[in-house]
1. If you scan the range 246-274, which residues turn out to be in a helix (DSSP H, G or I), away from ligand 2 (no atom under 14 Å from the Cβ) and under 19 Å from the mean Cα position of the chain (by Cα)?
2. Taking the range 195-217 as the search range and keeping residues that are in contact with a strand residue (DSSP E or B) (Cβ under 7 Å, 6 or more places away or on another chain) and more than 30 Å from residue 308 (Cβ to Cβ), which one is nearest to ligand 1 (Cβ to nearest atom)?
3. Find all pairs meeting these conditions: Cβ atoms under 8 angstrom apart; at least six residues apart or on different chains; first residue within the range 66-94 and buried (at least 18 other Cβ atoms within 10 Å of the Cβ); second residue acidic (Asp, Glu).
4. Can you tell me which residue in the range 8-52 is farthest from residue 62 (Cα to Cα), limited to those that are under 15 Å from the mean Cα position of the chain (by Cα) and β-branched (Val, Ile, Thr)?
5. Whether any residue in the range 198-207 is among the aliphatic types (A, V, I, L, M), within 24 Å of residue 33 (Cα to Cα), part of a helix (DSSP H, G or I) and without any contact (Cβ under 8 Å) to a residue 60 or more places away in the chain is what I want to check.
6. Of the residues that sit in the range 113-164 and are within 16 Å of ligand 2 (Cβ to nearest atom) and in a strand (DSSP E or B), which one is farthest from residue 88 (Cα to Cα)?
7. Restricting attention to the range 220-236, does a residue exist that is within 22 Å of residue 292 (Cα to Cα), part of a strand (DSSP E or B), more than 16 Å from ligand 1 (Cβ to nearest atom) and not hydrophobic (A, V, I, L, M, F, W, C)?
8. So, in the range 23-47, how many residues would count as being of a type in the set (D, E, K, R) and free of Cβ contacts under 8 Å to residues at least 60 places away in the same chain?
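The values are calculated or read from the model by the stated rules, or taken from the named source; none is laboratory data. What you are looking at is a predicted structure, and each value in this text was computed from that prediction instead of being measured. Here the Cβ is made from the backbone with ideal geometry for all residues, glycine too, and neighbour counts use every protein chain on show.
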Amino acid sequence: MSVLVTGGAGYIGSHTCVSLLNRGMDVIILDDFSNSNQKVVQRIEHMTKKEVKYYSIDLKDKDAVHSVFADNEIEAVIHFAGYKAVGESVVNPLSYYDNNLISTIYLLQVMKQFNVKKLVFSSSATVYGRPKQVPIAENAHLSATNPYGRTKLIIEDMLRDIYASDNDWAITCLRYFNPIGAHPSGNLGEDPRGIPNNLMPYITQVAIGKRPVLQIFGDGFSTKDGTGVRDYIHVMDLAEGHICALEQLKKVTGFNFYNLGTGKGYSVLEIVQTFERVNHVNIPYIITDARMGDIPISYADPTAAATGLGWKAQRGLEEMCIDAWRWQKNNPTGYSDKKNPHLMQSGDFSFS
Ligand code: NAD
Ligand code: UD1
């Protein structure tokens, strides 16, 4: 099967490309590298010993997208490309509506034109807004608390409408919970630009000495220890979820949506303590005020993905922490060659 992977150089896309290639699928990456590095493609090729065709294209350039479809026999699309930072979306909503929605509309128009009607879309647990109960099942109430989340809801609605208008489409929305970890080789991982918004990259940057201290956003939630609880999922489990979704799309048409989570919730303190224990590093932290808009607790009911896709997360929290740290240790400045001026000397922090 020949799969176009939009955003294939990004964090989740790159790991998924490795899984697709190792499954014998042909991969074509389309990415504008606005939040990724071209070196990712070389790493994927090196790891899989396969050549990967890639296009440095903005999805909002419809003619360019058209030419990618004209040049290749694409059978299915996995659509990762988009902006994903919640805070940034609140400050600059138009850029989120512009990039995430326009890109997707153009992609869908071109797919339709070329009669490519199999699509896996990266949705998010953010579509559940402030969940009324946990675990969260797919039929829970949907709402958006920020422009980023609203783009995911709008795209899900758009896809539902497309399937309703033409039942030849096979569309699966995957609602990811909290992806963390890295490829076990240490060659691929999460490389956020600037200050990380999410917990795990912040922890690994504290561990490597790039940042002095982790701020834990609040310990007054009604959770097991007062800190926020989330469903962390290993990025390789997530990657495999996309393979299962594609396998299903080969066989049946329809519009489906599934949670990809483990079904287990861990607190921020549990993440910090596990990371310290399995990696023998110290993570200094301070407790600060809660981050605006943060919810106390979120974890998935993953039953539908098990029954509908035959997919279940296999990797536990320890593996997530070990792999995240291996990636950061092997790549102290991420994919960049530049030595980071903010990196402390090795004596300033401890790791095994
Ligand atoms: P990422 O930023 O690492 O990857 C996204 C990729 O898309 C980047 O390589 C970026 O350069 C590219 N891109 C952005 N706009 C583009 C455009 N207009 N044209 C072409 N390429 C473009 O993000 P990720 O963490 O890998 O997330 C992938 C998808 O999963 C996103 O849609 C995100 O919203 C969704 N998601 C991510 C998380 C998470 O925590 N990482 C959680 C839930 C959902
Ligand atoms: C974030 C996004 C959400 C997205 C999800 C998965 C926000 C507000 N929400 O949610 O839309 O679907 O990622 O990618 O960005 N924490 C700290 N200190 C830090 C960073 C985080 O204590 O420096 C805490 C948070 O308060 C939270 C937990 O760690 O309790 C996880 O945070 P994060 O990784 O940002 O994910 P989410 O808040 O679940």
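1. Matches in the range 246-274: 246 only.
2. Selected residue: 202.
3. 81/31; 81/32
4. 18
5. No, every residue in the range 198-207 fails to be among the aliphatic types (A, V, I, L, M), within 24 Å of residue 33 (Cα to Cα), part of a helix (DSSP H, G or I) and without any contact (Cβ under 8 Å) to a residue 60 or more places away in the chain.
6. Residue satisfying both the conditions and the ranking: 136.
7. No, the conditions are met nowhere in the range 220-236.
8. Result for the range 23-47: 4.
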